[in-house]
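We did not get these values from a lab; they are worked out from the coordinates using the rules stated. What you see is a predicted model, and the numbers here were worked out from it, not measured in a lab. Positions of Cβ are generated from backbone atoms using ideal geometry, with glycine treated the same way; all protein chains shown enter the neighbour counts.
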Amino acid sequence: MNLERKINWMDLGETSIEEARALQSDLLKKRQNKEIPDTILFTQHPLSINFGMSNEQNKLADSTEAEIKHNYGSLTKDTITQYFAEKGIPFTQSNHGGGASVFAPGQYICYPIVNIEDITKKKMTKEDISAVGIYVNRILETMKDTLENMGVGNVQIRETNLNPSEKKNRKDVWIDFPDKSYKIGSKAIRVEKGVAYHGFSLFVEQAGVEPFHYVKPCGYDNAEIGITSVEEQIGQKLKKEDVYSTLKKSILKNIYQ
């Protein structure tokens with residue numbers, strides 16, 4: 001049977017983060033029980049600010065922090081939530097890996113719910129979780145390949161550590177220029193009982209990156225990195241169907257190599 005037909009592809013259109021999380025939770029259990037095949041969700045989310053599980057990477061921009069402290073006297077989850085609520089922006093926290101992120105229409109999000117033991121041909125144990133590293137690298141290769149196939153240049157997968165408090169480097173996809181490095185996507189992976197969920201996003205439209213000024217994306221300092229989009233890099237807009245077609249080909253090529 002053709003590999004593509006063994007995968008359940010779902011284009012959700014624009015969905016709330018809560019809807020996407022609930023669906024992933026349901027699909028995760030079904031995949032763990034082998035009731036469904038690997039399932040790839042495509043979606044976009046309305047504007048919201050999100051914190052992940054990493055406290056070290058959950059950082060607002062200095063100007064945002066200063067404004068919250070000035071307006072409410074302290075920086076807490078409640079005052080952060082109130083600050084964004086008054087701007088009409090939901091603030092959420094989730095159990096995905098990574099730190100502060102922004103969701104907005106124009107970011108193309110992919111949530112693979114996949115059995116990484118099947119994909120990597122490696123059994124996960126407490127002593128050997130190398131399948132997770134292999135899978136994460138394949139996600140990064142998928143992101144890089146997709147961006148390059150959409151015409152983006154200077155794409156690099158490399159380790160970096162712009163946060164002195166962190167004890168290890170993180171591997172990300174970057175657009176590198178002599179003056180500065182730019183993020184053009186993000187990843188946040190979790191694995192439970194051999195099945196991965198959450199996933200990655202690519203910043204395709206410029207409108208999808210404009211709200212990033214509120215946070216230090218994934219903990220990176222805004223003065224040291226920039227945020228860019230495919231649209232900005234190639235100087236043209238892309239059709240949604242073309243983006244998803246390119247993504248699907250890259251997923252088949254890189255995740256299921």
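Run a plain Debye calculation on the chain (Cα atoms as equal point scatterers, no solvent) and give log10 I(q)/I(0) at q = 0.11, 0.12, 0.17 Å⁻¹, rounded to two decimals, same order as the q list. So the normalised log intensities work out to -0.59, -0.71, -1.43. Between Lys237 and Glu148, how high is the FRET efficiency from 1/(1 + (r/R0)^6) when r is the Cβ-Cβ distance and R₀ = 22 Å? Nearest 0.05. Efficiency for this residue pair is about 0.75.
Arrange the peptides 194-202, 12-20, 116-124, 135-143 so that the one whose residues have, on average, the most other Cβ atoms within 10 Å appears first.
Details: 194-202: 23.0, 12-20: 14.1, 116-124: 16.0, 135-143: 20.2.
By packing density, highest mean first, the sequence is 194-202, 135-143, 116-124, 12-20.
The slack between Glu86 and Asp11, meaning 0.36 nm per residue of separation minus the straight C-alpha distance, is 23.8 nm. The mean sequence separation of alpha-carbon pairs under 8 Å and at least six residues apart, normalised by the residue count of region 3-254, gives a relative contact order of 23 percent.
Any chance you could run the full-extension gain for Asp128 through Asp78? It's 0.36 nm times the residue separation minus the Cα-Cα distance, nm to one decimal.
Stretched fully, the Asp128-Asp78 segment lengthens by 14.0 nm.
Count Lys and Arg as plus one, Asp and Glu as minus one, and take only other residues whose Cβ is under 12 Å from that of Ile68; the net charge is then -2.
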